């Protein structure tokens with residue numbers, strides 16, 4: 001199935017045909033949950049889809065993301081992500097830990113995901129191989145009180161809020177060699193089925209991710225070009241981002257701007273920079289089909305990272321570092 005068809009399906013889900021999905025759930029028909037949200041700033045939130053990225057640098061990193069999709073549509077999806085990760089120097093520089101919380105709301109459905117991560121990093125040939133494991137707590141909620149039904153007594157629809165939870169897992173691999181990075185991961189490894197109430201259930205699809213990136217160093221050392229590729233597949237639908245940005249680094253000053261393209265689906269513009277040690281970035285993703293150019297996705301990212309040196313006594317030194 002092409003991604004343009006996927007977007008049209010998601011749009012119908014947000015609009016009137018949401019009732020069809022609700023009816024199938026109320027009739028004890030197994031339903032599939034909405035796909036995992038994808039972020040235009042995928043290169044900045046790599047721990048969200050690959051646990052092998054946890055602690056893969058000598059930095060304590062924190063990031064917050066807010067994504068509002070299909071601007072102008074009622075009950076449009078909104079996603080929030082808060083994550084942090086760090087290396088564990090006191091047990092050796094080959095370990096990393098991380099955690100994140102993600103809330104994804106779309107219409108009458110809400111998904112919450114809390115995850116903890118562990119990664120092992122070791123030298124392999126002239127690069128670094130990372131292996132990561134993640135344990136998730138998933139919670140799915142359907143709020144029937146938001147339904148506007150002419151017949152409020154229709155027993156086929158839940159008029160209250162029903163939810164369910166399940167433990168899940170994810171795994172990932174990554175390899176970095178000089179300026180080249182490649183990674184692969186599997187989310188929802190157990191493909192869990194979450195019960196909503198006594199009779200309804202939602203099946204979570206297993207998702208597969210592949211990413212690659214490269215840092216191109218120019219003759220002017222203040223400028224670099226960063227091409228990246230992102231691919232996701234859940235067994236039925238897929239999404240691809242082809243991204244490139246130009247970055248300027250000069251001590252504490254850092255700015256970047258770039259473009260992303262999702263074939264047959266969307267194009268995005270991204271601008272950002274470091275301000276007083278905090279990285280701020282904004283993107284607008286416009287759809288080239290389906291929803292149209294004016295009803296795209298707005299995404300805002302706030303990030304902070306600082307070096308860690310747990311071998312030395314006293315406080316860690318805090319200073320801004322280059323965004324990779």
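Take the range 247-260 and flag every residue that is without any contact (Cβ under 8 Å) to a residue 60 or more places away in the chain, in a strand (DSSP E or B) and more than 14 Å from residue 43 (Cα to Cα).
Across the range 247-260, the qualifying residues are 248, 250, 253, 255.
Select the strands (runs of 3 or more DSSP E) contained entirely in the range 37-118, then report the ones holding at least 1 residues which are within 16 Å of residue 209 (Cβ to Cβ).
78-87, 95-106
Return only the number of the condition from (1) closer than 14 Å to residue 39 by Cα; (2) surrounded by fewer than 19 Cβ atoms within 10 Å (Cβ to Cβ) that residue 223 does not satisfy.
Result: residue 223 fails condition (1) only.
Can you pull out the residues in the range 107-119 that are crowded, with 16+ Cβ neighbours inside 10 Å and touching a strand residue (DSSP E or B) at 6+ places or on another chain (Cβ under 8 Å)?
108, 109, 110, 111, 112, 113, 115, 117, 118, 119
Output the number of residues of the range 263-298 satisfying the condition of being touching a residue at least 60 places away in the same chain (Cβ under 8 Å), part of a strand (DSSP E or B) and out of contact with any helix residue (DSSP H, G or I) (no Cβ under 9 Å at 6 or more places or on another chain).
Adding up the residues that qualify gives 6.
Each value in this text was obtained by applying a stated rule to the coordinates, not by laboratory testing. Since the model is a prediction, treat every value here as computed from it, not as a measurement. Note: ideal-geometry Cβ built from the backbone for every residue, glycine included; neighbour counts use all protein chains shown.
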